[in-house]
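Some notes on the structure that comes next.
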Amino acid sequence: MNLMQYLNQNYIVLIPALWLIGHALKQTPLIPDWTIIWILFMVSIAIGSIEYGFTIDAVTNGIIAAGISVFGHQVFKQTKEGIVINKKK
C-alpha cells in the first residue's frame with residue numbers, strides 16, 4: 001500500500017516541515033518524547049484545516065501527512081541504529 005497515493009499533493013510539503021518540528025521538539029527537554037507524536041498530529045491537522053478548510057479531507061490528509069512523517073523518521077532512525085549494531089558484531 002502506497003500512502004502517497006492517498007495524500008493530497010498540497011500536503012507533501014507538510015511532511016518535511018513536521019519532521020523538522022519533531023526534531024526541534026525532541027531537542028526540547030521540557031517536552032516528553034511520548035507527546036511529540038501527538039503534537040505533530042495536532043499541528044498537521046491544524047495546518048491542513050487552516051490552509052484547506054476544516055473538512056474530513058483536510059483532517060484525513062493531515063493524519064496521513066503526520067503518519068508518513070513519523071514513519072519516515074522511524075525508518076531512518078531504526079536503519080541507522082541497525083547499521084551501528086551490525087558494525088559492532
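Yes or no: region 74-88 includes at least one residue that is crowded, with 18+ Cβ neighbours inside 10 Å and not acidic (D, E). No; the residues of region 74-88 include none that is crowded, with 18+ Cβ neighbours inside 10 Å and not acidic (D, E). Considering region 30-46, the residues that are more than 17 Å from Q74 (Cβ to Cβ) and under 13 Å from the mean Cα position of the chain (by Cα) include one that is surrounded by the fewest Cβ atoms within 10 Å (Cβ to Cβ), namely M42. Within region 18-28, identify whether any single residue is surrounded by 15 or more Cβ atoms within 10 Å (Cβ to Cβ), closer than 19 Å to Q5 by Cα and among the β-branched types (V, I, T), and answer yes or no. No, region 18-28 contains no residue that is surrounded by 15 or more Cβ atoms within 10 Å (Cβ to Cβ), closer than 19 Å to Q5 by Cα and among the β-branched types (V, I, T). Within region 73-87, not a single residue is touching a Ser or Thr at 6+ places or on another chain (Cβ under 8 Å) and assigned to a helix (DSSP H, G or I). Condition (residue is surrounded by 12 or more Cβ atoms within 10 Å (Cβ to Cβ), assigned to a helix (DSSP H, G or I), touching a Phe, Trp or Tyr at 6+ places or on another chain (Cβ under 9 Å) and touching a residue at least 24 places away in the same chain (Cβ under 8 Å)) applied to region 10-17: is it met by at least one residue? Within region 10-17, one or more residues are surrounded by 12 or more Cβ atoms within 10 Å (Cβ to Cβ), assigned to a helix (DSSP H, G or I), touching a Phe, Trp or Tyr at 6+ places or on another chain (Cβ under 9 Å) and touching a residue at least 24 places away in the same chain (Cβ under 8 Å). Among the conditions (1) polar (S, T, N, Q); (2) in a loop (DSSP other than H, G, I, E, B); (3) modelled with pLDDT under 90, the only one that T28 does not satisfy is (3). If the condition is being β-branched (V, I, T) and under 17 Å from Q74 (Cβ atoms), then region 1-29 contributes I15, I21. Screening Y52 against (1) among the aromatic types (F, W, Y); (2) surrounded by 13 or more Cβ atoms within 10 Å (Cβ to Cβ); (3) at pLDDT 85 or above leaves a single unmet condition, (3). Considering the conditions (1) modelled with pLDDT under 90; (2) under 14 Å from the mean Cα position of the chain (by Cα); (3) of a type outside the set (A, V, I, L, M), G82 is excluded by exactly one of them, (2).
The values are calculated or read from the model by the stated rules, or taken from the named source; none is laboratory data. Remember, it's a predicted structure, so these values are computed and weren't measured experimentally. Backbone-built Cβ (ideal geometry, glycine too); neighbour counts: all protein chains shown.
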